[in-house]
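Asks: Dropping the structure in here first, questions after.
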Amino acid sequence: MVTGISLEAAVVQMTGPLSPLGTEILPLERALGRTLAADVTAPLDQPPFDRSPLDGYALRSADLTGADRDHPAVLEVVDTVYAGDEARIPVGPGQAVRIMTGAMLPPGCDCVVPQEDTDRGDPVSVFVSL
């Protein structure tokens, strides 16, 4: 065993005798445990729309300025969007849309507030500022 050498020298000693194995094309079911020879990228986003990462309320972050538990932002709930549904109503000032995980974000909204940060009412009181 060799001791007292630098890290770089140790790496050279360990990897020096190694050579790449090359590449091969395999059916997907035989590729388990293998390393890709090149990055694989999707030609387009999937799904092809912005979606909600959680259950909550889609809204305009500007409507939450200064909101907290003592002074909640109170917003009109204009729609509910479930996963798989298309957003039908744009979100305007002072409005929110009840939204479920994976659902399409409605036009006009720029954030989703977790339902735990609201009273889940109609109108909905939001207790956080973004």
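Asks: Among the residues in the stretch 50-61, are any hydroxyl-bearing (S, T, Y) and outside any loop (DSSP other than H, G, I, E, B)?
Replies: yes
Conditions (1) touching a residue at least 40 places away in the same chain (Cβ under 8 Å); (2) under 30 Å from E24 (Cα atoms), marked per residue:
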residue	(1), (2)
T35	no, yes
P72	yes, no
V78	no, no
V91	no, no
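Asks: Being aliphatic (A, V, I, L, M), assigned to a strand (DSSP E or B) and under 14 Å from the mean Cα position of the chain (by Cα) is the filter here; which residues of the stretch 96-116 pass it?
Replies: Initially, the stretch 96-116 is screened for residues aliphatic (A, V, I, L, M), giving 96-97, 99-100, 103-105, 112-113.
Those left that are additionally assigned to a strand (DSSP E or B): 96-97, 99, 104, 112-113.
Selection gives M104, V112, V113.
Asks: Another question, if that's okay. If T101 meets every condition in (1) open to solvent by 60 Å² or more (accessible area, probe 1.4 Å); (2) touching a residue at least 40 places away in the same chain (Cβ under 8 Å); (3) more than 23 Å from R51 (Cβ to Cβ) apart from one, which number is that one?
Replies: So the condition that T101 fails would be (3).
Asks: Only one of A87, A10, A37 is at pLDDT below 95, surrounded by 10 or more Cβ atoms within 10 Å (Cβ to Cβ) and not in a loop (DSSP other than H, G, I, E, B). Can you tell me which?
Replies: The conditions single out A10.
Asks: Any chance you could count how many residues in the stretch 59-87 are of a type in the set (D, E, K, R) and in contact with a strand residue (DSSP E or B) (Cβ under 6 Å, 6 or more places away or on another chain)?
Replies: Number satisfying all stated conditions: 4.
Asks: Still on this structure, I have one more. Say we look at the stretch 62-80 and pick out the residues that are in a loop (DSSP other than H, G, I, E, B) and of a type outside the set (A, V, I, L, M); which of these is most open to solvent (accessible area, probe 1.4 Å)?
Replies: R69
The values are calculated or read from the model by the stated rules, or taken from the named source; none is laboratory data. Since the structure is predicted, the reported quantities are computational estimates derived from the model, not experimental observations. FYI the Cβ positions are ideal-geometry reconstructions off the backbone, even for glycines, and counts take in every protein chain you see. Ligands, DNA and RNA are stripped out before the accessible areas are found, and what is left, the full protein with its side chains, is counted by its heavy atoms. Shrake-Rupley method; radii C 1.70, N 1.55, O 1.52, S 1.80 Å.
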